Amino acid sequence: MKETESHRRIAAFELDNVGSGQATVDAATLAEDGEYAVVVLLASHYCPRSRELVRTLRDHYGAFRERATAVVPVLPAIRERANLWDRQYDLPFPLLVDPGDDGAFGVFEPFQRTCESLPCVVLCECRPAGLRLVSTMAQPSSSVPTVGTLLDEIDSVRG
């Protein structure tokens, strides 16, 4: 699919948060947390690769904080299912709930269009007025991005 500028930006938003922090998270909050955000578009509440990726990011969260980069997993699910993740994994970062139609994302649907499969990681520049996609770090369907790959991408973008 051809990527357009509308796929690269998400305007100001506010979504329910079942992870660490306040009850809702908006673009301005992410901008306060850092210049960049690793937005993780998760496949579903049940997806083992999505669960593995979130646990890995939790375990290496300090490396992202050192780079002033927020970690923001997003589930296209209802709040109750996402609550289970927070209880199981004790996340140090937000876990946003963004249900759209037919298992797709709502607010994050433009970023989902840039991904070949889920889970997918997108590196975004944070602004109070919204997010701008910098790069998509999709992986083959049998694996998830490694922390090293994500950190290298952040370091490359930051210069």
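The values are calculated or read from the model by the stated rules, or taken from the named source; none is laboratory data. Keep in mind that what you see is a predicted model, and the values were worked out from it rather than measured. For neighbour counting, all protein chains shown are included, and Cβ atoms are generated from backbone atoms with ideal geometry for every residue, glycine included.
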For this session: Write out, first by first residue and then by second, each pair whose Cβ atoms fall under 7 Å of each other, whose residues are 6+ apart or on separate chains, and whose first residue, in the range 98-114, is aliphatic (A, V, I, L, M) while the second is in a loop (DSSP other than H, G, I, E, B).
Result: ALA104/PRO76; VAL107/PHE13; VAL107/ASP98
For this session: Among the residues of the range 1-31, count how many are at pLDDT 90 or above, acidic (Asp, Glu) and loosely packed, with under 13 Cβ neighbours inside 10 Å.
Result: 0
Seminar exercise, completed: When every residue in the range 93-111 that is within 15 Å of the chain's Cα centre (by Cα) and at pLDDT below 90 is compared, the one surrounded by the fewest Cβ atoms within 10 Å (Cβ to Cβ) is ALA104
Problem set entry | Residue that is over 15 Å from the mean Cα position of the chain (by Cα) and over 28 Å from SER156 (Cα atoms), where the choices are ASP90, ASP59 | ASP90
